[in-house]
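Take a look at the structure set out below.
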Amino acid sequence: MPPSSPPSPRRRSDVSALSPTAVLHSEWIKIRSIRSSFGSLLAVVVAALGIALAVFPAIGQPEAETGEIDPLFWIYYPVNFVQIAAIAFGATAASSEFLNGALRNSLMAVPRRNLLYGAKVAVVGSAALGMGVVAGFVMFFTANAFLGKYAIGIGDPGALRSCFGAGLYLALIALFSMGLTFLLRSAVAVLSILIPFILIVSFVIGGVSEGAATWLPDRAGQQILFQEPLGTLGAWTGLGVTALWTAAALLAGWGAMRRRDA
């Protein structure tokens, strides 16, 4: 009986390609090489700096002087716009799989759908978290540079928590958008739903019932940015509510990816 031949180089390469590390690396290459995804990721920090420089030199101190808004939350006014970049990043990172049969090619390289989806979640979440934390510190220090006597020190209550919390919130919003995009298979549809919801509908609901609005994904998560959180949710509890919304969206996207043909 002839001795069994050693594994061919091709088979060893195939096994290596299926390792979690290799799949994670390939997902990062996708994000870095797709202009819309990488551009929206960079826009998280660019928008944080740009909006802060556009707003705080002119009205930073007058708004803080009114005392009508939490002083720490006022520093994160740019989040209203930065979160749009985070939503766009999550949506475009997912929708790239549905262009020109890209998902079919991805599944040929990584037949294990759970591994493919999990790697994409990990890479998108990590990238959004990293850029989000940078954006949080950029907003904090840029705003404080123009607040004069109303400036908040990094050692003041809630300040450091809010900088890292901004990153966590933006990462959750990006993943929330990603999960919905896998469910709907369209970045345009997700952007058309989420952006008006966060910029308009959330405030309308808040005007009708502030208690109900507190549990919305954006309102709940942004409690982490307050020095004194509003309503019944605390800073970390509110972020936990957003995490639950995100988990539900990711599970829905995972189910859709497992059921549907590429």
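The values are calculated or read from the model by the stated rules, or taken from the named source; none is laboratory data. These numbers were taken from a predicted model, which means no experiment stands behind them. Virtual Cβ from ideal backbone geometry, glycine too; neighbours counted across all protein chains shown. Calculation scope for accessible area: heavy atoms of the full protein, side chains included, ligands and nucleic acids excluded. Shrake-Rupley method; radii C 1.70, N 1.55, O 1.52, S 1.80 Å.
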- Query: Consider T181 against the criteria (1) under 16 Å from the mean Cα position of the chain (by Cα); (2) surrounded by fewer than 16 Cβ atoms within 10 Å (Cβ to Cβ); (3) of a type in the set (S, T, Y): it satisfies all of them except one. Which criterion is unmet?
  - Reply: (2)
- Message: For the range 17-47, which positions are polar (S, T, N, Q) and under 24 Å from V79 (Cα atoms)?
- Response: S36, S37, S40
- Of the residues in the range 140-176, those that are buried (at least 20 other Cβ atoms within 10 Å of the Cβ) and more than 16 Å from L41 (Cα to Cα) come to F140, T142, A143, I152, G158, S162, C163, G165
- Message: I'd like the residue in the range 8-31 that is open to solvent by 80 Å² or more (accessible area, probe 1.4 Å) and at pLDDT 90 or above and, out of all such residues, is farthest from K120 (Cα to Cα).
- Response: T21
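Given the options I173, I200, I193, name the one that is out of contact with any strand residue (DSSP E or B) (no Cβ under 6 Å at 6 or more places or on another chain), without any contact (Cβ under 8 Å) to a residue 12 or more places away in the chain and not small (G, A, S). Explain how you work it out, then say what you get.
Values: I173 fails: without any contact (Cβ under 8 Å) to a residue 12 or more places away in the chain; I193 fails: without any contact (Cβ under 8 Å) to a residue 12 or more places away in the chain.
Answer to the check: I200.
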- Starting from residues that are open to solvent by 20 Å² or more (accessible area, probe 1.4 Å) and hydrophobic (A, V, I, L, M, F, W, C), keep the ones in the range 89-101 and report whichever is nearest to the chain's Cα centre (by Cα). F98
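Picking from L42, L53, L49, L115, which residue would you name as being over 19 Å from L194 (Cβ atoms), in a helix (DSSP H, G or I), touching a helix residue (DSSP H, G or I) at 6+ places or on another chain (Cβ under 9 Å) and open to solvent by less than 40 Å² (accessible area, probe 1.4 Å)?
On the way: L42 fails: open to solvent by less than 40 Å² (accessible area, probe 1.4 Å); L53 fails: open to solvent by less than 40 Å² (accessible area, probe 1.4 Å); L49 fails: open to solvent by less than 40 Å² (accessible area, probe 1.4 Å).
It is L115.
Do we find a residue being among the hydrophobic types (A, V, I, L, M, F, W, C) and open to solvent by less than 20 Å² (accessible area, probe 1.4 Å) anywhere in the range 199-206?
If we filter the range 199-206 for residues that are among the hydrophobic types (A, V, I, L, M, F, W, C), which is where we start, we get 199-201, 203-205.
Now restrict to residues that are open to solvent by less than 20 Å² (accessible area, probe 1.4 Å): none.
Within the range 199-206, not a single residue is among the hydrophobic types (A, V, I, L, M, F, W, C) and open to solvent by less than 20 Å² (accessible area, probe 1.4 Å).
Among the residues of the range 233-246 satisfying the criterion of being in a helix (DSSP H, G or I) and without any contact (Cβ under 8 Å) to a residue 40 or more places away in the chain, which is most open to solvent (accessible area, probe 1.4 Å)?
Keep residues of the range 233-246 that are in a helix (DSSP H, G or I), which gives 235-246.
Filter once more, keeping what is without any contact (Cβ under 8 Å) to a residue 40 or more places away in the chain: 236-238, 240-241, 244.
Working: W236: 146, T237: 81, G238: 0, G240: 32, V241: 17, L244: 126 Å².
So, considering only residues that are in a helix (DSSP H, G or I) and without any contact (Cβ under 8 Å) to a residue 40 or more places away in the chain, the one most open to solvent (accessible area, probe 1.4 Å) is W236.
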- Among the numbered criteria (1) open to solvent by 10 Å² or more (accessible area, probe 1.4 Å); (2) in contact with a Lys or Arg (Cβ under 8 Å, 6 or more places away or on another chain); (3) small (G, A, S), which single criterion is violated by A256? (1)
- Query: Has the range 144-154 got at least one residue that is outside any loop (DSSP other than H, G, I, E, B) and modelled with pLDDT of 95 or more?
  - Reply: yes
- First in the range 247-259 and farther than 15 Å from E97 by Cβ, second anywhere and part of a helix (DSSP H, G or I) and open to solvent by 10 Å² or more (accessible area, probe 1.4 Å), Cβ under 7 Å, 6 or more apart: A249/F176; A249/L180; A252/L183
- Result of the Cβ filter at 6 Å on the range 209-232, keeping first residues that are within 16 Å of I198 (Cα to Cα) and open to solvent by 50 Å² or more (accessible area, probe 1.4 Å) and partners that are part of a loop (DSSP other than H, G, I, E, B) and acidic (D, E), at least 6 apart or interchain, is none
- Looking only at the range 184-198, count how many residues are farther than 16 Å from A249 by Cβ and open to solvent by less than 40 Å² (accessible area, probe 1.4 Å). 0
